[in-house]
Structure formats: structure tokens, C-alpha cells
Amino acid sequence: MDQQMFEKVDGYISQLLAPEDEVLRQTIKSLDEAEMPQISITANQGKFLQVIALMCNAKKILELGTLGGYSTIWMARALPADGKIVTVEFDPHHASIARKNIENAGLLEKVDLRVGKASEVMEQLKESGEINFDLIFIDADKPPYKEYFEAALDLARPGAVIICDNVIREGKVLDENSSDDRVAGVRRLNQMLSENTKVTATILQTVGAKEYDGMAIAFVNK
Ligand code: SAH
Ligand code: DHB
Ligand code: MG
């Protein structure tokens, strides 16, 4: 088993169960055109988030880290007609590309794109009583992941699901002395998840078209 096999199998699964339409293909293309990084989730992972959204009956979703809106579009498509996803993006250039992609997807009505720092937007949401999110996807900068998760807990309803991308980092997470502050950041999150009695959590390793990584998945205890 090697990366080549993981990629082939990912292609097999995606073709079967997570085929991209023109909107999603164009969203990926827009990242190259705008010289943005190709760090969106994979098609399969998009479908995974859709399945989770349906399982927790999500009407209100919060996402940290929009990039070009690829994951946003996957999740928004799992929402009911009156559902909403708030997605937070710090970089105005990324946000402007994402807005175009979301518009192209016909999803402007369901997507509330907020340009700002994840920590500040979460504080605003809390202050204005925009709480009780059913699903929260954390995929912004990695060093403050633990703080993002703790803030997310205040915005989640009992029984909500919180998912954090990139918590394994090609296995670098095993290195407790890592000088990479992204690795140290996800290690702090993972340790906290093991101690936090408010959630029931685990981590799924992810292999496929992108580099070896993992997603933490947490249930907010009722
Ligand atoms: N969820 C996207 C990928 C997100 S990449 C997808 O799968 O399609 C991470 C994004 O987080 C980048 O666009 C980056 O600009 C943004 N970001 C980084 N730091 C941030 C912060 N403090 N607040 C909000 N967004 C941030
Ligand atoms: C990076 C960020 C991501 O969210 C991701 O899925 C992959 C890579 C990064 O910053 O390198
Ligand atoms: Mg990610």
C-alpha cells in the first residue's frame, strides 16, 4: 500500500459516491487562477461532511476557513431550504473568490460569508446570540485550534458535531517536540479532546488524493 494506491482508491470512491459537478470543478480551477493554495478538502471528504450534516439534521452550520468555498458548497448542499451556513474567512482575496464560487453554485441565500478573524467572528456570534449550531467545521489556521474548539463549544447545541481538519499532519503529530507551530497547535487540540468531558471524540486518519492527515470528530454531549 502506498500513496499511489490511496489516490487510485480515492478516485474510485469519488467517482462512485462523490462525483464533482461543473460548479465544484470550477471552484478547484478558480484556486489556480487566483494563485490560491490547493488545500481544499477532497470530494470524498466533502461527501463525508454532507453525510454528517444529514445525520445531525443540520440547519445551522459554522465553518472556519472558507478558502475558495469548496467545502462550503458541499456542506451548503446538505442544508434544507431554510438552512444556513456561516463561513469565516480572514483573507479578503480568498473571500472574494469564494463569493463568486458560491454565487456560481446558486447558494448565496444559504451562505453567510463573514470576512474576519475566526476568533473575532465567533465572539460576535456569541454576543449577538447566534448560537445553537448543529455542525461546526474547523479548518482555519492551526496554532489556535484548541481555542477555536473551545469557542465552538459555546456556539454548538447539545448533540452538535464538531469536526476539525488536519489534526494528524502526515504523522508529524507524533512528535511532541515539533518546532512546527501548526503541529504543536493540533497536538494541543487532540490532548484537550482526550480530557474534555463535554464531548465524546475520536480522530479518523485520512488518506487519498491529498497528503496523509486526519479529522477529529466530536459529539457535544447532551
Ligand atoms: N475549508 C476550505 C479550506 C480552508 S484553507 C476547503 O476545504 O475548501 C484555510 C483557510 O483559512 C484559508 O483560506 C485561510 O486564509 C483561512 N484563515 C487562516 N487564518 C484564519 C483566521 N484567523 N480566521 C479566518 N480564516 C483564516
Ligand atoms: C494546510 C491547511 C489545510 O486546511 C489543509 O487541509 C491542508 C494544508 C496548510 O496550511 O498547509
Ligand atoms: Mg484543511
- Is it the case that some residue within the range 144-159 is within 16 Å of ligand 3 (Cβ to nearest atom), outside any helix (DSSP H, G or I) and buried (at least 16 other Cβ atoms within 10 Å of the Cβ)? yes
- the range 48-67, residues that are surrounded by fewer than 20 Cβ atoms within 10 Å (Cβ to Cβ) and within 18 Å of Ala105 (Cα to Cα): Gln50
- Query: Inside the range 71-126, can you point out the residues that are farther than 16 Å from Gln26 by Cβ, within 14 Å of the chain's Cα centre (by Cα) and part of a helix (DSSP H, G or I)?
  - Reply: Met75, Ala118
- Does Pro92 qualify as being away from ligand 2 (no atom under 16 Å from the Cβ), without any contact (Cβ under 8 Å) to a residue 40 or more places away in the chain and within 27 Å of Asp154 (Cβ to Cβ)? yes
- Got at least one residue in the range 25-42 being closer than 23 Å to Glu147 by Cα and more than 16 Å from ligand 3 (Cβ to nearest atom)? no
- Task: Out of the residues in the range 135-184 that are among the polar types (S, T, N, Q) and closer than 25 Å to Val207 by Cβ, state the one that is nearest to the chain's Cα centre (by Cα).
- Result: Asn166
- Conditions (1) in a helix (DSSP H, G or I); (2) surrounded by 19 or more Cβ atoms within 10 Å (Cβ to Cβ): number failed by Gly214: (1)
- Task: Starting from residues that are among the aliphatic types (A, V, I, L, M) and surrounded by fewer than 21 Cβ atoms within 10 Å (Cβ to Cβ), keep the ones in the range 122-139 and report whichever is farthest from Glu35 (Cα to Cα).
- Result: Ile131
- Item | Cβ pairs under 8 Å, 6+ apart, first in the range 165-182 and crowded, with 16+ Cβ neighbours inside 10 Å, second among the aromatic types (Phe, Trp, Tyr) | Asp165/Phe137; Val167/Tyr145; Ile168/Tyr212
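Only the coordinates and a few stated rules stand behind these numbers; no lab work does. Just so it is clear, the model here is predicted, and its values are computed rather than measured. A quick note on method: Cβ atoms are made from the backbone with ideal geometry, for glycine too, and the neighbour counts reach across all protein chains shown.
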